[in-house]
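Working notes for the structure below.
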């Protein structure tokens, strides 16, 4: 994947506008104490106290958390990145956690205002004002403890509070833990690296006349499997499915409604989509329409997978017990990060259910974490990881490159990637 925008697009961000807003928010590093304690002084005092007590010093304690809000430039049309905010690029907040010993872990929160209630502004605020201060001096190896502290500063609602936002912390802590142990994510979990992972190309056409060109572009780049965005028009959706199936008769075809059908529509369109060649139907209804999901499951026209609405293993277990779903379209960036995603995958496998690998148009850092998870857990079906399809910038020193419709799982400790800090600084300063 190229590190430079491949072409200008109406979706490219207004960088100067965002940089001015970012400067106005006065974002940056959080010192060891929110009251302004000097990091070096605090560390020296802590080490002196440890020596006096005979206990070892804890170099894994968090000293600094820095947050960098930005928008990745994009190309092409994707319905979730339209309008006055999404049209300026793919919002993301990069999280950099530094231990007292100077080790760095990288994470990334990837809010989408038109997909969830979390936005670039709320993610930035929550990270800076709530989550980061709660984690200063916390032992970076204790990920469960960090998540518990975040629960205390922003209480859960129906499920985990601000899951997309806090995924950035979770990912950075996993990166740190891997570096502290000199192990890749898979090794931390006692698994093999896995991969390369086969990808699915997103067909998100506004009219049927556009479909052929979108499919052809994916095939030109080596993709053989496709996912389609459907709802709210069943007639359009069925014709779209037929067109994609005709162009890729052997490919895996998955339809994602993002909760856009009514219960009555979903019962009617499920059979029609199955007849058109669709293999699975994701998120046909909003997740609180429990009886609608149960009716679809009983109908059995297509395997029913849930996406929006599954944040933690708690509600996932409830949905399974209520016989609502055949599986989950997994997204670590949606469910609070890698720890929650692992628990959900293991629960599904224990119950004999399946899972698909998906994402939130994840850029570099979040994508690396997702690849590490899916590789370690042996994802079998093509993954709908469309960051490389729509994003035209990568801040890692060795940018991801799709080869033959596949992506390799990064190697090395932690996430297995290195963030190009010089490039990040240039982009934040100059907008490129």
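For the stretch 139-238, the relative contact order is 19 percent, taking Cα pairs closer than 8 Å that sit 6 or more residues apart in sequence and dividing their mean separation by the residue count.
Report, to the nearest 10°, how far helix 364-376 tilts away from the longest principal axis of the Cα atoms in the chain, using its own Cα long axis and a range of 0 to 90°. In the chain, helix 364-376 runs at an angle near 70 degrees to the longest axis.
To the nearest 10 degrees, how steeply does helix 290-299 sit against the main Cα axis of the chain, on a 0 to 90 scale? Once rounded, the angle reads 50 degrees. Counting neighbouring Cβ atoms within 10 Å and putting the fewest first, the residues 79, 179 line up as 79, 179. Each of 193, 220, 291 has some number of other Cβ atoms within 10 Å of its Cβ, and from fewest to most they run 220, 291, 193. Extending 7 Å from Cα along the Cβ direction at residue 421 and again at residue 406 yields two label points whose distance is 3.5 nm. Using a cutoff of 8 angstrom between alpha carbon atoms and counting only pairs six or more residues apart, the relative contact order for the chain works out to 19 percent.
Centre-to-centre separation between the Cα atoms of the stretch 180-244 and those of the stretch 371-401: 11 Å.
Listed by Cβ neighbour count within 10 Å, with the fewest neighbours leading, 396, 340 appear as 396, 340.
Calculated from DSSP H runs of 4 or more alone, at -39500 (n - 2.57) each and per residue, what is the 222 nm mean residue ellipticity of the chain, nearest 500?
Only helices count here, giving -11500 deg cm²/dmol.
Highest mean first, the peptides 64-70, 212-218 sorted by other C-beta atoms within 10 Å per residue fall in the order 64-70, 212-218. Here the gap between residue 59 and residue 117, fully extended at 0.36 nm per residue and compared with their Cα-Cα distance, gives a gain of 17.2 nm.
Highest mean packing comes first when the peptides 200-210, 167-177 are listed by Cβ atoms within 10 Å, giving 167-177, 200-210. Relative to the longest principal axis of the chain, what angle (0 to 90°, nearest 10) does the C-alpha long axis of helix 338-350 take? So the helix axis and the longest Cα principal axis differ by about 50 degrees. Could you tell me which of rounded, prolate or oblate describes the stretch 197-420, using a ≥ b ≥ c as the square roots of the eigenvalues of the alpha-carbon gyration tensor, with rounded for a/c under 1.5 and, failing that, prolate when a/b is larger than b/c and oblate otherwise? Verdict is oblate for the stretch 197-420.
Per-residue packing, averaged as other Cβ atoms within 10 Å, sorts the ranges 376-387, 316-327 into the order 376-387, 316-327, beginning with the highest.
So how far apart, in nm, are the two label points at residue 397 and residue 221 if each is 7 Å from Cα heading toward Cβ? A separation of 2.6 nm, rounded to one decimal place. Label sites at residue 346 and residue 148, each approximated as a point 7 angstrom past Cα along Cα to Cβ, lie 1.7 nm apart. Legend: calculated FRET efficiency, residue 208 to residue 139, from the Cβ-Cβ distance at R0 = 45 Å, rounded to 0.05, equals 0.20.
Read-outs: derived from the displayed coordinates by stated rules, not from any lab. Given the structure is predicted, the values throughout are model-derived calculations rather than measurements. As a convention, Cβ positions derive from the backbone with ideal geometry for all residues, glycine included, and neighbour counts pool all protein chains shown.
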